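Heads up, the thing below is written out as structure tokens.
Read the figures in this text as sums done on the coordinates, not as results from a lab. What you see is a predicted model, and the numbers here were worked out from it, not measured in a lab. With ideal geometry, Cβ positions are generated from the backbone for all residues, glycine too; neighbour counts draw on all protein chains shown.
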Amino acid sequence: MRANWWGVGIFFIVLASFVSPAQSQPAGYTAAPEPHGWMGVRSLDGDDDGGTLLHLPPRCEGVGGAGPTVEAGTARAVREFASVPAAVTGWDRRVYLVFAAWADRLEVFSIRVSPARASGAWLTDPATGASAEPALVLDGAAFVEAAAYAEGLLILGRAEAESSDGLGGWRLWRLDRQGWEFLALPEGVAGSEAVRLVRGSREPTVVVATETGSTRWTYAAHMGEEQQDPAGKAWKSESLRGSLPAQTSGVLSVFVSGGDVCIAIMTEHDEGDGGGTLEVRALGPGLVGRVAVMDCAESPIAVVPL
């Protein structure tokens, strides 16, 4: 499989963090992962059904990490696939590829990158193809999204109220070294109208729309054993002043930046020309309100926080 370098010949948006990592961090804070961006797009070889995996390496000196850097806007095509992945998400030097070939089953693969210092490039492991991870059976839920975190991969699904097990609502699974584990969401979250995974969080994190704003729930696996039970005591909540839209179809990405939860929202032009306005909002707990806005001549392929 080829590895090609591409400039900004296709339209994607890269969101940088809005605060410096050197600012004060909560107790137990660990250095941020190396800033790699990943996205799955339609084949760059002209195959109508195929897909391409793009790697956005760290972009400049001083962004963290010890590997080679590239100019801003540079993307590298590292794999060609028979189809476009349903989700592409990475943490540090590992990327996960999620394929939804069946309605009730997800196939998952991963690739790691490492620097080849002599050439200033990034090598992939495995050199070709991808490493197979355990598949996930969704048990009647529909796949919604995926997000990598420090220990593995999160999958968010949603089941209809009349599902066979009678649970319905939102469902969350995590993949780590032990395989897949179902994480029971806190009481009340499973029936919420809007729930999204928060990218860039070291621990499993979701943000939930509420009547007065939104709430960030973090799965605190480091808490005392007596607090980790099926009733949801392993989750800790934090109220956010900003609101997650109840209808999240226009929300392209939810991510953490310097401790704040941010969302990227695309609003289509009234003219129906395929373009729209991309807005980044901070929901808190610190920074709240519009952070950035830009007019887009066409819809972004992906919004990737780095």
Legend entry - Mean Cβ count within 10 Å, highest first, over the residues of peptides 175-184, 49-58: 49-58, 175-184
Inset, instruction - Name the residues whose placed amide hydrogens come within less than 5 Å of the amide hydrogen of residue 50, ignoring near sequence neighbours (fewer than 5 apart) on the same chain. - result: 43
Inset, instruction - Could you please report the charge total around residue 122, scoring K, R as +1 and D, E as -1 over all other residues with beta-carbon less than 11 angstrom from its beta-carbon? - result: +2
Inset, instruction - For residue 151 paired with residue 249, estimate the spin-label separation in nm (one decimal), with each label point 7 Å from Cα along the Cα-to-Cβ line. - result: 3.6
Legend entry - Mean Cβ neighbour count within 10 Å, used as a protection proxy, ranking 193-199, 72-78 highest first: 193-199, 72-78
Legend entry - Table column - 3J(HN,Hα) (Hz), the range 152-158, Karplus curve with 6.51, -1.76, 1.60, x for Gly and Pro: x, 9, 10, 10, 10, x, 9
Legend entry - By average C-beta atoms within 10 angstrom, highest first, the peptides 273-280, 212-219, 260-267: 260-267, 212-219, 273-280
Inset, instruction - List the residues whose amide H sits under 5 Å from the amide H of residue 92, counting only those 5 or more places along or on another chain, with H placed 1.01 Å from N in the peptide plane. - result: 34, 36
Inset, instruction - Would you mind checking which residues have amide H under 5 Å from residue 87's amide H? H placed 1.01 Å from N; only 5 or more apart, or other chain. - result: 98
Inset, instruction - Could you pull the Cα extents of the range 170-213 along its three principal axes, largest to smallest, in whole Å? - result: 38, 21, 12
